[in-house]
Amino acid sequence: MRLDKFLSDMGVASRKETAKAVRAGLVLVNGIPAKSPDQKVDETKDTVAFCGREIAYQKFVYLMLNKPEGYLSATEDGRGATVLDLLPEEYRRMELFPCGRLDKNTKGLLLLTNDGDLCHRLLSPKYHVEKTYALTAKFPISDEDIQTLESGVDLGDFVTKPAGVKRTGEKTLELTITEGKFHQVKRMLEALHNQVIDLERIAFGGLTLPKNLARGDFRPLTETEQNTLFAKGNRTT
Ligand code: URA
């Protein structure tokens, strides 16, 4: 691949910045100053250093974000801030997108990646990937409501699959679903003549939102976490 593509894929520098750094002798390939930005590099073997920093090539990037309320799960939107606005410049160059959607007023765990194939699998109904939401309802939730959630709720256009339910209070629940229809959790509570007043995703695809990841912060997935996701999406590498 071209050297400037390598560096822009890794979020290190734009093509223009790479050209400038190459002219200044600040880009080394295997310890030798690069001759031009379109020089070919083998990302599996060559060592590339930019301004003294060695850059490892990673084909895909996987980040977990603790989404705050008020941000849209989109890559761009004329109507307001998107979750990508929470990332620094170097990540914004990597063509990341949110894997799945949380409503503007929903917070919590959101995966950002540029791995379209894995994302597609994680969201496909075929793979039954679990998502857990902590919710607060406006009115008390009865034991009968819980039984309905556990057996399937009739939303008019479809009946939800049985959900996992853990009661955490009179008006609070942790609800685990394997589907991801638009506004699904809110609609499930509305079907029970109740209303969700606070919604946070606390787990997705075997990953749980870490307590030490502040609202609005993100971090790359660890290798173990990546493997957990790959297993959920049935992929071995
Ligand atoms: N269900 C909803 O209603 N909203 C979300 O953001 C996620 C799941």
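Miscellaneous remarks
- When +1 charges are put on Lys and Arg Cβ atoms and -1 charges on Asp and Glu Cβ atoms, the dipole computed for the chain relative to its Cα centre reaches about 640 debye.
- Cβ crowding within 10 Å averaged over residues, with 151-157, 198-204, 215-221 ranked highest first: 198-204, 215-221, 151-157
- Adding -39500 (n - 2.57) for every DSSP H run of four residues or longer, then dividing by how many residues the chain holds, sets the calculated 222 nm ellipticity at -6000 deg cm²/dmol.
- Note: relative contact order over the range 3-55, using C-alpha pairs below 8 Å and six or more positions apart, is 33 percent.
- Å² per residue, accessible surface of the range 130-204 at 1.4 Å: 51 Å²
- Carbon plus sulfur fraction of accessible area for the range 77-221, probe 1.4 Å, in percent: 48 percent
- Leading residue at positive end of dipole, the chain (Cβ point charges), from 137, 197, 208: 208
- Electrostatic tally near residue 111: other residues with Cβ closer than 14 Å to its Cβ, Lys and Arg +1, Asp and Glu -1, net +3.
- Normalised contact order of the chain, rounded percent, pairs of Cα under 8 Å and 6 or more residues apart: 19 percent
- No Cys partner within the rule (Cβ under 4.7 Å), the chain: 51
- Here the relative contact order of the range 130-204, from alpha carbon pairs under 8 Å that lie six or more residues apart, stands at 48 percent.
- Close lysine pairs were tallied over the range 130-204: pairs 8 or more places apart or on different chains with Cα atoms under 18 Å apart number 11.
- For the range 93-136: rounded, prolate or oblate by the Cα gyration tensor [a/c cutoff 1.5]: oblate
- Given charges at beta-carbon only (K, R positive; D, E negative), |dipole| of the range 130-204 in Debye: 220 debye
- Anisotropy class of the range 3-55 from Cα gyration tensor, a/c 1.5 cut: rounded
The values are calculated or read from the model by the stated rules, or taken from the named source; none is laboratory data. Keep in mind the model is a prediction, meaning the values are calculated, not measured. FYI the Cβ positions are ideal-geometry reconstructions off the backbone, even for glycines, and counts take in every protein chain you see. Just so you know, the surface numbers come from the protein's heavy atoms only, side chains and all, with ligands and any DNA or RNA stripped out. Shrake-Rupley method; radii C 1.70, N 1.55, O 1.52, S 1.80 Å.
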